[in-house]
DNA sequence: ATAATAAAGGATAATTTTGTCCTCTATTAA
DNA sequence: TTAATAGAGGACAAAATTATCCTTTATTAT
Ligand code: FES
Ligand code: FES
């Protein structure tokens, strides 16, 4: 469904978001150990997310990655997915036709659209605050 | 959502299925031109589908690919997807955790499961006959 | 039998994705 | 001002996916 980059990215963002509710910055090492992802690769992904402004970073001792608390309610999961995987998952044809539209649809278009809309809706209605709140229940995991 | 192999495979199967309702065998060349896919690559995909029994083939002049008419109502889209992409799309964790289950779910598990079930249900309830029937309406395309 | 047709299959290549390594830059504390 | 820490970024490497080429095998008509 998502690329590895996007999977790692979402897990990293959720981890950072959770820590940020307690004003805790987290280092790359902590992140990659906590979400069980390849460290250097995760660094690249976090670079994209900091460039796009959804994640903040600070260098040097006591530095690390964090998300501004006031942004947690406004950042949607779809924002992260868009940065890392683009929006072909929302707009692309499920059968790989070059353009997806109702005028020249593939035979599965109207069936795919429903599923795509479900996914889009789920990712757009869930903000980081909302997911982090769930994560207070300790049944949820970001690794293994 | 699907790999290129699976996209080409589904398009090829739908094309073959449509022709098979008129007892017409189709050659690789015809298929790849009709669905706008790389010919040699499509051949590999069709090999997998013939090995797995969903598609038939015959060599030599007047040969080509076809699907037994009586199988059209029983072959589901999910059968094709399983052959070409496996079933990780049905059972894998959306955030890439090694195992997806309700005991140690990722924070998006219960949201993902709904979407996965929608997709699974769509692919399992649509047989080749059903999709081919739609394809009689000439608004549907398999290329461009 | 022979030539033509068409799929099967092996080997290889190109491209994309995934992943690593090393140096540079910024920040902090001592 | 120096040493230590931590992200940024460039170069490179491995692996997986996508794609091509060529030979072999089977079938058909002549
Ligand atoms: S054209 Fe295929 S999903 Fe819209
Ligand atoms: S554990 Fe992530 S989707 Fe089930």
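Taken together, the values in this text are just the output of simple stated rules run on the coordinates, not laboratory data. Not measured: the values here are computed from a predicted model. Methodologically, a virtual Cβ is constructed for each residue, glycine included, from the backbone with ideal geometry; neighbour enumeration extends over all protein chains shown.
Against the longest principal axis of chain B, how steep is helix B:39-51, in degrees 0 to 90 to the nearest 10, with axes from Cα atoms?
80 degrees
Along Cα→Cβ at 7 Å, what distances in nm separate the residue B:144 label point from those on the other copies, shortest first?
So the distances to the same position in the other copies read 5.4 nm.
Compute a Gaussian network model of chain B, connecting alpha carbons closer than 10 Å, and tell me which residue from B:131, B:113, B:55 fluctuates the most.
B:113
When N counts the residues of region A:4-134, how does its alpha-carbon radius of gyration compare numerically with 2.2 N^0.38 Å, as a ratio?
Working: Rg = 16.8 Å, N = 131, 2.2 N^0.38 = 14.0 Å.
My calculation over the Cα atoms of region A:4-134 gives 1.20.
Most fluctuating residue of A:120, A:111, A:44 in a GNM of chain A with Cα springs under 10 Å: which is it?
Evaluated over chain A, the most mobile residue of the options is A:111.
For region B:81-144, what log10 I(q)/I(0) values come out of the Debye formula at q = 0.14, 0.24, 0.28, 0.30 1/Å, with one point per alpha carbon and no solvent?
Log10 I(q)/I(0), no solvent term: -0.57, -1.02, -1.19, -1.26.
Hey, what angle do you get for helix B:109-125 against the long axis of chain B, alpha-carbon based, 0 to 90 degrees rounded to 10?
Tilt relative to chain B: about 20 degrees.
Quick one: label points 7 angstrom along Cα→Cβ at residue B:27, distances to the other copies in nm, smallest first?
For residue B:27, the inter-copy label distances come out at 6.6 nm.
Can you put B:140, A:41 in order, fewest other beta carbons within 10 Å first?
Details: B:140 18, A:41 13.
Ascending Cβ contact count within 10 Å gives the list A:41, B:140.
Please order B:144, A:16 by the number of other Cβ within 10 Å, starting at the fewest. All intermediate terms of the calculation are to be shown ahead of the outcome.
On the way: B:144 9, A:16 28.
Ascending number of Cβ neighbours within 10 Å: B:144, A:16.
Per residue, how big is the convex hull around the C-alpha atoms of region A:34-100? Give it to me in cubic angstrom, could you? Intermediate results must be reported in sequence, preceding the final value.
On the way: hull volume 9.1 nm³, N = 67.
That works out to 136 Å³ per residue.
Considering only B:71, B:121, B:101, give the residue with the highest GNM mean-square fluctuation for chain B, with springs between Cα atoms whenever their separation is below 10 Å.
Among B:71, B:121, B:101, the largest mean-square fluctuation in the Gaussian network model of chain B belongs to B:101.
How far apart, in nanometres, would the label points at residue B:40 and residue A:133 be if each is projected 7 angstrom from Cα along the Cα-to-Cβ direction?
5.6 nm
How would you classify the protein assembly as shown from its alpha-carbon gyration tensor, with a ≥ b ≥ c the square roots of the eigenvalues: rounded for a/c under 1.5, else prolate if a/b is greater than b/c, otherwise oblate? Provide the component values of the computation, followed by the final result.
On the way: a/c = 2.56, a/b = 2.49, b/c = 1.03.
The shape class here is prolate.
Note the angle between two axes, namely the Cα long axis of helix A:4-20 and the longest principal axis of the Cα atoms of chain A, as a number of degrees from 0 to 90, rounded to the nearest 10.
Orientation of helix A:4-20: about 40 degrees from the principal axis.
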